[in-house]
Each structure stands twice: as C-alpha cells, then as structure tokens.
C-alpha cells in the first residue's frame, strides 16, 4: 500500500519512542543481555568485591565500615578475568546490537517479534560480517585516536610556548577539538552494523558515512543526552545503595544489576536512530511507527484506505 513518508524525528521523539520500546520488550531485551553478558556481569561483581563500596565514599563519610567482604577471586586472577571481559565484549557486542536492531525492525514492520534466542540466532547467521566490520571500525577509530593524540601533542608544544591565559585557552581548544573530532568520526561510521545485518553492504562503513552526512549534531545531542541520563540514573542508584549496610560483593552485584537494566536502552536508541536515518534517506516508516504506539503519529489529511 502506498504510504506517506514519515517526517524525520527530533531528539525528544526518538528518546520517547526508545523508552516505549524498552518497556514493551523489556523481557526480551534482558534475556539478550543475560545470555550474552551474564557471565561478564557475574565476574565483574566477583572481582569488584569490597572496592566498589568506595566509589561513592558514602559509608566512609558516615564512619561505617563493612567487615568480612572480600573479593571472591584472588588478586592475581584479576588480570586474567579482565582479559576475558575484553574478549566477551569483542565477540558478543556486535551480536547483541544486531539482535536489538532486528527486534526494533520486526516491531516497525508490524511483525511478531521473535524470541530472544531466535533474534540471537538470526544475528549469528551474519556473525562473520558483524565481527569483521567491527574489527575494521575498531582499527579505524584506533588509527584516528593515535593521529589525534599526535596532533594534540604537537599543538601542546605550541601552547606550552605561550604563557598565561591565552596558553591555557589554546590548550583547552586543542583538547576539545581532538575529542570532538574523534566523536565526529565515531558517529559517522558507527551505523555499519545495521547495514551489515540487512545485507546492504559487506562492511557498512561507507554506507554509514552517507546516512549520517546531515545528522551529526542531532546524533551527537541524542547520545549525549542519553549517556547523561543513564549516568545520572546509575549514579543515584549507586548512591542510594551505598548508604545500605551491604557487603562488598552484594553491593557490587546490585550495582551490576542496575547497569544491566540501563544498558539495553542505549542500544534501542541506536536502533531507532538508524531507522530515522533511513527515513531521512527516503524510507517511509509512518505506518510502522503507528504499529508500535497506535495514534502516536497523526494521520495524513487524506488517508489512503488499505
């Protein structure tokens, strides 16, 4: 059926839609995270142990000390576990993101959303492309990071030769410019995964560059707001838990659960923003959005009967 093209969504609309999807498909999202990251979160809580209690210094301020809370893993095992964490994220994060992108895609298509296991199975079918493109993306960002660090060091030499307020201001501009440049390229290239998932390209880096060419500031603002919201929620939750007389491992486990609850929302925002980029690239999704939240998009003046 011919359909009206969806008008591009603003930051507020994308955040609102993402939270609605998060609430509606909370169980599936949590299962995806637990299946892929459950071991990671468990080991994280075990290795953090009592040290996590000092993150907020709440008990210290109240002259409270926890006794008998020791890390469950020996200190010499921390390095090995940290390496395991890195491998888990390296090999499973592309699958997690792809599964959530597929979940959002099925909802927007008005189709029944597969189970968490089915979504993961669908993602693993493209695992070679997902992992390969992720490695290419990672190497590119490492290259950009090294180049920016070298450039910043060279500029810092110039700044060091200038004393006073001007020198400090120049150094601030150099640091902020390097950070923004790094995130600029990160935003331009980071939508390669959905492109690979839907077999639009084998790597997806070039396609991502094209999709984001007019949306960098909007995407930068979107993810900045989401990161601040997630950080604020995690910080407040940690602050509250820090007041409770909990052992180190139990406190670490509860903080890990808080992180587990908030982590999927960022991936959902990523998926929603990808489909918004597709809209801006000419893909009409008004009917798909209406299927998520009936009546959320006003009908056109002259609706077309099915």
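Per-structure values
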| item | result |
| --- | --- |
| Peptide ranges 265-274, 173-182 listed from the most packed, as the mean C-beta count within 10 angstrom indicates | 265-274, 173-182 |
| Point-to-point label distance, residue 169-residue 141, nm (Cα→Cβ direction, 7 Å offset) | 3.4 |
| Residue 125-residue 203 pseudo-label distance in nm [points 7 Å out on the Cα-to-Cβ vector] | 2.6 |
| Label-point gap, in nm, between residue 234 and residue 27 - each point 7 angstrom along Cα→Cβ | 2.7 |
| FRET efficiency for residue 224 and residue 13, using Cβ-Cβ distance with R0 set to 22 Å, rounded to 0.05 | 0.85 |
| Theoretical gain in end-to-end length, residue 217 to residue 39 [0.36 nm per residue, Cα-Cα removed] | 60.4 nm |
| Packing-based ranking, highest mean first, of 207-213, 99-105 given that Cβ atoms within 10 Å are counted | 99-105, 207-213 |
| Ranked by how many other beta carbons lie within 10 Å on average, peptides 137-146, 191-200 from highest | 191-200, 137-146 |
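FYI, it's all coordinate maths here, none of it is from the lab. Bear in mind that the values here come from a model prediction, so they are computed numbers and not experimental data. Here Cβ is always computed from backbone atoms with ideal geometry, including for glycine, and neighbour counts include all displayed protein chains.
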